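Read the figures in this text as sums done on the coordinates, not as results from a lab. Everything quoted here is computed from the prediction, not taken from an experiment. In this analysis, Cβ positions are derived from the backbone assuming ideal geometry, glycine residues included, and neighbour counts consider all displayed protein chains.
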Amino acid sequence: MSLRNYKTNEMLQYVVLGDSLSMSVGTSFFSSGFPERYLYFAENILKKPIYLNNFAQSGATTEVVLKCIEVPFIAEKIHQAQMITLTIGRNDVIQAADTFIRHKNKKAFITTLRNCRENMNRIFDQIYKLKQMSHHPFIVRAANIYNPLPEIDESAYWINQFNKHLDTFTSLPHVKIADIYSIFKEKEKDLLSKDLLHPNEIGYQKIAEAINQLGYEPLLKNT
């Protein structure tokens, strides 16, 4: 949808938070990641222009995302946004797995999961504090994490534990979680790039489709 001839106050605001999955890492230089693909779906369904504010950072852990949200400029954008997407937790798990490989210590996964839970609680709490004074409808969409390290037996268990905790946030108004884990499971060769860590173009399309399928209520009421 062309943004030409639209006033800024007529546009919806879309804020992207997270790690390299929100930055198109793994695709060719001119290829779109999932935020751009999701935006395309959203504009066609909502029949409104949408401005993309991407604050994702490559390598970001849940702690980094939490600090990002606390930046005043980004906090104001979250306050204004009608759409928010999150990709978090993958780098926490990868760092824990690296520690486990080097030291064979399962406590790394336990500590990581505990820290992830605390950071995730604070991330969603902060988002909802920022939205409390907002007078427009909004949606929050998050993608759970696929297993980037299937060769490590313990990783599947800890990723499932992370994803279960992420699912608990669907009790909050307008939060829905896309089940990326199931989409990528046993299809890594088809959906991951050459680095075997990030999605390829097909993988990002699958993520965008999964988030799109979660719907747009209550935004549809204002179209």
Subject >> Cα-centre dipole for the chain with unit charges at Cβ (Lys and Arg positive, Asp and Glu negative), debye to 20 >> reply: 380
Original post:
Stretch residue 44-residue 151 to full length: gain in nm at 0.36 nm per residue minus the Cα-Cα span?
Top reply: 34.5 nm
Original post:
Rg and Dmax of region 125-223, Cα atoms, in Å?
Top reply: 15.8, 47
Original post:
For the residues 107, 221, 187, what sequence is obtained by ranking on other C-beta atoms within 10 Å, fewest first?
Top reply: 221, 107, 187
**OP:** Arrange 165, 135, 103 by Cβ neighbour counts within 10 Å, fewest through most, would you?
**Re:** 135, 103, 165
Subject >> Burial ordering of 192, 21, 39, 172, fewest other beta-carbon atoms within 10 Å first >> reply: 172, 192, 39, 21
Subject >> the chain, helix-only ellipticity at 222 nm - DSSP H runs n ≥ 4, -39,500 (n - 2.57), divided by all residues, nearest 500 >> reply: -14500 deg cm²/dmol
Original post:
With +1 on each Lys and Arg Cβ and -1 on each Asp and Glu Cβ, how big is the dipole of region 158-223 about its Cα centre, in debye rounded to the nearest 20?
Top reply: 100
Original post:
Of all DSSP beta bridges located in the chain, what percent are antiparallel, nearest 5?
Top reply: 5
Subject >> Pairwise centroid distance, computed over Cα atoms, of region 65-111 with region 191-223, Å >> reply: 19
Original post:
Hey, in the GNM for the chain with a 10 angstrom Cα cutoff, which one of 18, 33, 59 fluctuates hardest?
Top reply: 59
Subject >> Residue with peak Gaussian network fluctuation, the chain [Cα springs, cutoff 10 Å], from 105, 115, 163 >> reply: 105
Original post:
What do you get when you divide the Cα radius of gyration of the chain by 2.2 N^0.38 Å, with N the number of residues?
Top reply: 1.00
Original post:
What is the set of long-range amide H partners of residue 178 at a cut-off below 5 Å, with H atoms built 1.01 Å from backbone N?
Top reply: 142, 143, 144
